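Step one of this worksheet: look at the structure below.
Every number in this text was worked out from the coordinates using simple rules, so none of it is lab data. No experiment lies behind these values; they were computed from the predicted model shown. As a convention, Cβ positions derive from the backbone with ideal geometry for all residues, glycine included, and neighbour counts pool all protein chains shown.
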Amino acid sequence: MEIELTGEVAERVAGAERVVVLTGAGISAESGLSTFRAQEGLWSRFRPEEMATPEAFAADPETVWQWYGWRFGQVAGAEPNAGHRALVRFAALFPSLVLMTQNVDELHQQAGSEGVLELHGTVMRARCTRCDYSEPMAGALERSPGAPPPCACGGRLRPAVVWFGEPLPPALGEAAAAAGEADLFVSVGTSARVFPAAGLIEVAYRAGACVIEVNPEATAFSGLAHLRLAAPAGEALPALVDAFECCRGAPG
Ligand code: OAD
């Protein structure tokens, strides 16, 4: 795939200083991980209110723990793809780039991205429901695959993800501030249906950012995009970063 940036988008990219990228499950689809809202997606096979809420964990901790154990297994077996890797190159072009993700798979970090803002936490760690203790999910599952293990403080461990109805982590404040100051905002592989993360696209647009959307399907925010790339992230992002390099002059 080849992308040539023209007109306003090319000018905005050439002059951009504050760059934000928001990713969702779509960027990890080509790594073999299911998205949530596709026809065969996770939320077509499981009910979010039975798996991803504090109430579900209180009512049936074993089922919720085992489900996250299964998801951990999928994620642990996955590798970053060309889309994740392209974002590492993207950050080399724009040193102030802020990468924020709704994904819990740590594939951005595995690809080499730094300072990733995890808006929905991570499935790679377990944390205590009561104290500040946390540890790698792998060890917690090995000790106790069937039920959440107890913490030394008397609480119990849970996946270090954000569930529906829970407050978002402090990273959201940083993310909102970055979106509000962005000159260039790239949204990748998110259906933009879950707030407040989805609202960051509009925050950036209203603040005057040039908005680029990478998603094979249209979303509620497609109308705000100055450029829409209706292609898989693994193809579109490497081509987009090549085009950015042309606009900016490659580093080094
Ligand atoms: P969704 O499953 O809602 O949306 C995934 C998006 O990725 C869709 O718009 C697809 O069209 C797009 N997509 C699919 N394959 C793609 C590819 N190869 N390249 C680019 N895009 C592709 O996932 P999210 O928007 O991430 O939250 O969902 C947001 C949140 O809802 C998740 O973080 C999770 C979920 O419930 C919690 O569990 C709290």
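Comparing Cα centroids, segment 68-86 and segment 197-252 end up 23 angstrom apart. Expressed as a rounded percentage, what relative contact order does segment 147-252 have, with Cα pairs under 8 Å and six or more residues apart? Computed over segment 147-252, the figure is 18 percent. Taking amide H as placed 1.01 Å from N in the peptide plane, Leu229 has its amide H under 5 Å from the amide H of Glu213, Val214, Asn215, each at least 5 places away in sequence or on another chain. Under 5 Å from the amide H of Ala182 lies no amide H of any residue 5 or more positions distant or on a separate chain, with H modelled from the backbone and absent for Pro and chain starts.
With a Förster radius of 25 Å applied to the beta-carbon distance between Glu4 and Ser96, the computed FRET efficiency rounds to 0.50. Taking the average, over residues, of other Cβ atoms within 10 Å as the packing measure, peptides 204-210, 158-164, 58-64 rank 158-164, 204-210, 58-64 from highest down. Take every DSSP beta bridge whose two residues both sit in the chain; close to 30 percent of them are antiparallel. What is the list of residues in segment 95-112 whose amide nitrogen lies under 19 Å from a point 7 angstrom out from the Cα of Gln74, following Cα to Cβ? 101-110, by backbone N distance to the label point. The gain in end-to-end length when the Asp60 to Ala230 segment is fully stretched comes to 57.2 nm, 0.36 nm per residue minus the alpha carbon separation.
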